[in-house]
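Step one of this worksheet: look at the structure below.
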Amino acid sequence: MFATVVQAAPDDDKTTAMAARRAALLRGRASWYGREHQGKPTSSGERFDRNKFTCAHKTLPFGTKLRVTNPETSASVVVRVSDRGPFRHQRILDLSEVAARPLGIVTQGAVSVLAEIVPEDTPLGITQAPADLALLLDNPASVTEASLHTDIVAGGTEADDIARLPEPTATYVVQAGTFGDVRNAQAMIDRIQALDPKLLATTVATSTPEGKTLSRVVVGRFATPAEAKALCARLTKVGVTGLVRQGENL
């Protein structure tokens, strides 16, 4: 008995390839940040530089590269994810000033963009728009969950984006210690924030098991356990032993 091999027709191959491309697309509003954040630490730990082609996204892994295009002008740039955000107006990206300027975002405040995940070896900076931009824009899907944990929103106004785009679940935290004396908890907070008060947002979670009040020092809030573990490693270097936990389980 001989097995029958059915080869995909060329048109089928093109359809499959386009479906794969669309699975790596984001559409929505993009804004920018610049001078007021210059030199401040980002969520990845590196210092923000408005003159580097970087961006903030809520959940994409740090280091992910995106080709971001303004469909109205066909202007495109390639940027690298180095920060978390934006958390305002449900926009999908915050671009550094140098990346936002060619797209018209600096003058307009925010514009609708198409962002495509590109290979790691893609050079950063101003680039050509996708040759098949019109086909990429012709995407009938409204909301899709991509494999890289990002939300894909097809078209619509900013108000549509607000209604459609769900908030990411950022539940992972680092527990840096549990103390029966709140003064000791505060001392730990002061120690951690001395490292980086902007990056290391620190709070105290209290509980009363068996009638005894305990104060847990909680640092940060992350979308993935890997990001929380990276903070643990950083704290360990200064003698603070942290434990990754999910926020709702504190």
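The values are calculated or read from the model by the stated rules, or taken from the named source; none is laboratory data. The shown structure was predicted, so the numbers you read here are calculated from the model rather than taken from an experiment. Virtual Cβ from ideal backbone geometry, glycine too; neighbours counted across all protein chains shown.
The single condition from (1) closer than 16 Å to GLU46 by Cα; (2) at pLDDT 75 or above that THR236 fails is (1).
The set of residues from the range 202-238 being assigned to a strand (DSSP E or B) and surrounded by fewer than 18 Cβ atoms within 10 Å (Cβ to Cβ) comprises THR203, VAL204, ALA205, THR206, SER207, LEU214, ARG221. All conditions in (1) surrounded by fewer than 12 Cβ atoms within 10 Å (Cβ to Cβ); (2) at pLDDT below 50; (3) among the acidic types (Asp, Glu) hold for ASP181, with the sole exception of (2). Within the range 112-132, the only residue that satisfies the criterion of being β-branched (Val, Ile, Thr), surrounded by fewer than 16 Cβ atoms within 10 Å (Cβ to Cβ) and under 19 Å from ALA56 (Cβ atoms) is THR122. In the range 35-52, the residues that are over 24 Å from ALA233 (Cβ atoms) form Cβ pairs under 7 Å with partners that are of a type in the set (Ser, Thr, Tyr), at six or more places apart or across chains, as follows: ARG50/SER96; LYS52/SER96.
So which residues in the range 89-100 are closer than 15 Å to TRP32 by Cβ and either crowded, with 18+ Cβ neighbours inside 10 Å or without any contact (Cβ under 8 Å) to a residue 24 or more places away in the chain (or both), if there are any at all?
Taking the range 89-100 first, the residues closer than 15 Å to TRP32 by Cβ are 89, 91-100.
Correct list: ARG91, ILE92, LEU93, ASP94, LEU95, SER96, GLU97, VAL98, ALA99, ALA100.
Do you know which of the residues in the range 193-219 that are at pLDDT 80 or above and hydrophobic (A, V, I, L, M, F, W, C) is farthest from the chain's Cα centre (by Cα)? Per the stated criteria, the residue is LEU214. Note on the range 21-103: enclosed strands (runs of 3 or more DSSP E) holding 1 or more residues that are outside the structural domain of ALA233 (by TED's automatic domain parsing), of a type in the set (Val, Ile, Thr) and on the phi < 0 side of the Ramachandran plot are 54-56, 65-70, 75-83.
Going through (1) at pLDDT below 90; (2) of a type in the set (S, T, N, Q); (3) within 28 Å of PRO225 (Cβ to Cβ) one by one, THR4 falls short only on (3). Looking only at residues in the range 8-39 that are closer than 26 Å to LEU231 by Cβ and loosely packed, with under 14 Cβ neighbours inside 10 Å, the one that is modelled with the highest pLDDT is GLY39.
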